[in-house]
Amino acid sequence: MKHKACNKIQLNTFLKFFLALFLIVSCFMFHVSLIYAQQISISISPPLLDILIKPGKSILVAYRVENFGDPTIVESKVLPFIPKDNNGNIQIKDKFEGPIQFNLDNANLKLGDSFFLKTHDSQQLLLRINVPEDVSDGDYYYSLLAQTQPPPTIEGNSSSRAQATIGSNILVTVSGSGKVDINGKVALFDVLPHWKLNIFGRTLKLFDSNDKIPVVMIVENKGANRILPQGEIVMKGNFGETAHYDILSQNILAQSQRQILATPSATIDCQNDSKEKVCLTPTSLILSGFFIGRYLLSTTLNFGEGTPNIFASTSFIALPFKFIISLFIIISAAVLIIRKIRDNQ
């Protein structure tokens, strides 16, 4: 009888444990089913606004914010920005500052107000840009930001508090006369050699014939207004071969530097070759091919119609060093083997 009673108690305990475990797992799975992640995908157009305006004038620009993700709440605002580095990145300031005035001409919407966008819905923002009479000539940089707001939580529900921000840069050039201050120069134009050799005060930049040649060009804007460089990079070899690479037009903000890109002729897999020098340093152009001898690289830039050309140049030497070293090792090994065979005869 005692044995049967013990078995019954153990069975009841097991059933209670199993039931409690089942309830815990069921509640967890039910709770997980209520967790969802909001899909955010919004766009703003135009993505860039570039205007030249006189003091005392204003301009009205029609923007459109479109939602391609889940329904969301969006807030619009304008903040100034400054150059962050020489790769074209910018830093948006936390607070509004500067003399340029912005407001929305929408009937029922102001900057800072939130609006709701359903999936594939859009909202037009009529942005009024006003330049007061006393604003000094120069460049002023802002960004119109559309920022999604995290969805409100529902009791018993859990959602990812996702947030996204997209911006359209506004480049405002104020000029009472309509003229701009253009003052650009090439701050750096060079190759990144694998080896350097100093001979009689000259530095020789050396590559193997099969190496890819990384080229770096940085342009400095010393003027009060942004510039847009145009031009090309030309490579000339000692056998008369010539190659041309077009420079991609990119804004360089006032009193800043920017690394300029040119039409690439090669790419390098930096995931597998992360220690390559070209992967450690941003480049403007990568040249590929079989190079032998001395090569001259030159660039010619201008900043629009009527502006003078500026020039810069550099050179490098490419020889089949790896082939020569391999051939030397093979010949040396062959000579040693032949001598050993002769000694053994």
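Here are some notes:
- For the peptides 70-82, 103-115, the ranking by packing is 70-82, 103-115, with the highest mean count of neighbouring Cβ atoms within 10 Å listed first.
- Of the trypsin sites (Lys or Arg not before Pro) in the range 162-213, the ones in a loop by DSSP (not H, G, I, E or B) with at most 14 other beta carbons within 10 Å are Lys179.
- By the Stokes-Einstein formula, at 1.002 mPa s and 20 °C, the range 187-263 with its Kirkwood radius over alpha-carbon pairs has D equal to 146 µm²/s.
- Backbone phi angles across the range 124-139, fed through the Karplus curve with coefficients 6.51, -1.76 and 1.60 (θ = phi - 60°), yield HN-Hα couplings of 8, 10, 8, 8, 9, 10, 10, 10, x, 4, 8, 6, 6, 4, x, 9 Hz in residue order; Gly and Pro are listed as x.
- For chymotrypsin sites (Phe, Trp or Tyr not before Pro), the sites in the range 203-245 that DSSP calls loop and that have at most 12 other Cβ atoms within 10 Å are Phe239.
- Listed pairs Lys179/Lys236; Lys185/Lys322; Lys95/Lys222 exceeding 30 Å between Cα atoms: Lys179/Lys236; Lys185/Lys322
- Sorted peptide list for 141-148, 43-50, 126-133, 314-321, criterion being average Cβ within 10 angstrom, highest first: 141-148, 314-321, 126-133, 43-50
- A simple rule links phi to the HN-Hα coupling: the Karplus curve 6.51 cos²θ - 1.76 cosθ + 1.60 with θ = phi - 60°, which for the range 86-98 gives 9, 9, x, 7, 10, 10, 7, 6, 6, 10, 6, 7, x Hz, with x for Gly and Pro.
- Projecting the alpha carbon convex hull of the range 184-326 along each direction and taking the average yields 10.2 nm².
- Within the same chain, aspartates and glutamates fewer than 8 places from Lys196 are excluded, and of the rest, those with a Cα less than 13 Å from its Cα are Asp208.
Each reported figure results from applying straightforward, stated rules to the coordinates on display, with no laboratory input. All of these numbers come straight from a predicted model, not from anything done at the bench. Please note: Cβ atoms are built from the backbone with ideal geometry, for glycine as well, and neighbour counts cover all protein chains shown.
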